[in-house]
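Let me begin by presenting the structure, written as structure tokens, before commenting on it.
The values are calculated or read from the model by the stated rules, or taken from the named source; none is laboratory data. All figures in this text were calculated on a predicted structure; none of them were measured in a lab. Using ideal geometry, Cβ is built from the backbone for each residue, glycine included, and neighbour counts are taken over all protein chains shown. The area values use the complete protein model at the heavy-atom level, side chains included, leaving out ligands, DNA and RNA. Shrake-Rupley method; radii C 1.70, N 1.55, O 1.52, S 1.80 Å.
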Amino acid sequence: MLQRLQNASDGENVAALPMGKPERLVIVTDAWHPQVNGVVRSIENTNRELAKIGVEVAMVTPQGFRNIPCPTYPEIRLSIARYRSVAREIAKHKPSYVHIATEGPLGLTARRWCLKNRMPFSTSYHTRFPEYVAARLPIPKSWLYAFVKWFHNSGAGCMVATPSLARELSEKGIRNLMPWTRGIDANQFHPAELEEKPFGLSRPIFMTVGRVALEKNLPAFLDLDLPGSKVVVGDGPARAELEKRYPDVHFTGLKVGPELAAIYAQADVFVFPSLTDTFGNTILEALASGVPVAAYPVTGPLDIIGEDSEVGALDDDLGVACLAALSASRQKARELAVQYSWEAATLQFITNIRAANGVITPKWKKAWQYAAKSLPRNKRLGDGDAATMV
């Protein structure tokens, strides 16, 4: 499991540098509020933990510049700032380090600034950018992966959430891969007493949580013939269409905070139909709530849950996985989730930042490389090669 990897740096004092100099980190991201997604939540949680260890973080986001809605996905804002404006925003923070979280307009401009100023920088691979774009525009994925390789290989390190994703990207020629797992707030997400008919619906409750968008592959779940009821929690560009198409499914809309945690805890099975996510933060939220998970055997579910698991079921037939997950252990699900903490994930993140800038040499490197090579290949390729793993 990923937890073993994040403990591989035992013995390194990653929280404080011996030189005691202040560390100023600029994070550049095209994904930011008002978006609600894994990228935004991961950065927010990481920033909170970085503050605890004295790292000063400044954000460069679309909120600081003129921006326009992304075609086909208006919730995403695309910056249209000139290079000079973005360069001035980065430079004013006098960064010790620069981390570029996304491959969008701001990420591209920040990359240019770093190269021009000979500033080492790290990147992270949060989203399957080629699959995401190819699903919306007639651009060959080979071209898009060439762009991804060009973008990330110019940096000093690219952070990825799982060993299987590291192996996949390595096979595509992306170098200097670094492990950065995710955490969970186990106090917010926790088991609760099960209601007889939550939402007025009959059990078992099969639930999915996240953006209601094309790339989440929701029809693969909603088309299934399952007992009980289906619940979709979240909002997005595909919601209106799916509500009309599936009138028997309960759509709650966007939920956050304690209300979201309470909803999670009422599910009998959490269904994760995505074939293209790079991790799946919602998987951890469900497990922390004591809810078993049903998913395809792809990057994310494979790394967190594993093929043979007491906390859920993975199968190329999602319906088979859903039914099998009904008999999984809610207690074991909780026990697995609490192994993941944002504190540990953040120490991993800042270790990567320092390593990319030549400040330290991490001890996890050999263990990570071994894990990335030794995991089984993903089985699911997906329709139209949209989720090719190799």
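Could you give the length gained on full extension between residue 52 and residue 115, defined as 0.36 nm per residue of separation minus the Cα-Cα distance, in nm?
19.6 nm
Can you give the net charge of the other residues whose Cβ lies under 11 Å from the Cβ of residue 61, counting K and R as +1 and D and E as -1?
Residues near residue 61 contribute -1 overall.
Keeping every protein chain present and rolling a 1.4 Å probe, give me the accessible area per residue for segment 297-357 in Å².
I get 35 Å² per residue for this part.
Within segment 142-194, report the trypsin sites (Lys or Arg not before Pro) that DSSP leaves as loop and that have at most 16 other Cβ atoms within 10 Å.
Listed in order of number, the matching sites are 172, 175.
Give the accessible area for residue 222 in Å² (nearest 10); use a 1.4 Å probe, count only protein heavy atoms, and leave out ligands, DNA and RNA.
Its accessible surface works out to 10 Å², give or take rounding.
Work out, step by step, the length gained on full extension between residue 63 and residue 199: first 0.36 nm times the residue separation, then minus their alpha carbon distance; give nm to one decimal.
Taking 0.36 nm per residue and subtracting the Cα distance, the gain is 45.3 nm.
Test of understanding: given the chain, find the longest segment containing no GluC sites (Glu not before Pro) that are in a DSSP loop and have at most 16 other Cβ atoms within 10 Å.
13-192
Say we join alpha carbon atoms closer than 10 Å with springs in a Gaussian network model of the chain; which of 150, 342, 113 then has the biggest fluctuation?
Top of the fluctuation ranking is 150.
Counting only protein heavy atoms and using a 1.4 Å probe, what share of the accessible area of the chain belongs to carbon plus sulfur, as a whole percent?
Carbon and sulfur together cover 53 percent of it.
Given Cβ point charges of +1 (Lys, Arg) and -1 (Asp, Glu) and nothing else, what value in debye, to the nearest 20, does the dipole of the chain about its Cα centre take?
2180
Identify, among 237, 132, 198, the residue whose Cα sits farthest towards the positive end of the charge dipole of the chain, taking +1 on the Cβ of Lys and Arg and -1 on the Cβ of Asp and Glu, with the dipole about the Cα centre.
Sorting the options by dipole projection puts first 132.
Short version: what are the Cα gyration tensor semi-axes of segment 67-204, square root of 5 times each eigenvalue, largest first, in whole Å?
34, 20, 20
Accessible area per residue of segment 106-151 at 1.4 Å probe, in Å²?
50
Regarding segment 158-283, what is the average projected area of its C-alpha convex hull, in nm²?
Taking a quarter of the hull surface, the average projection is 9.0 nm².
Which whole-number value in Å³ per residue fits the convex hull of the alpha carbons of segment 43-118?
Once divided by residue count, the hull of segment 43-118 is 98 Å³.
Greater than 32 Å separation of Cα atoms is the criterion. Which listed pairs, 141/332; 52/197; 94/172; 21/116; 244/332; 216/332, meet it?
141/332; 52/197; 94/172; 244/332, as the Cα separations exceed 32 Å there.
Please give the net charge around residue 108, taking every other residue with its beta carbon less than 14 angstrom from that of residue 108, where Lys and Arg add +1 and Asp and Glu add -1.
Result for the local shell: +2.
Could you work out the pair-distance distribution P(r) of the chain from its alpha-carbon pairs, with 20 angstrom bin width and percents rounded to whole numbers?
For the chain, the pair-distance distribution reads 28, 59, 12, 0.
Please give the length that would be gained between residue 262 and residue 307 if that part of the chain were fully extended, namely 0.36 nm times their separation in residues minus their C-alpha to C-alpha distance (nm, one decimal).
13.4 nm
Between residue 338 and residue 245, with labels modelled 7 Å along Cα→Cβ, what's the label distance in nm to one decimal, could you check?
Computed distance between label sites residue 338 and residue 245 equals 4.0 nm.
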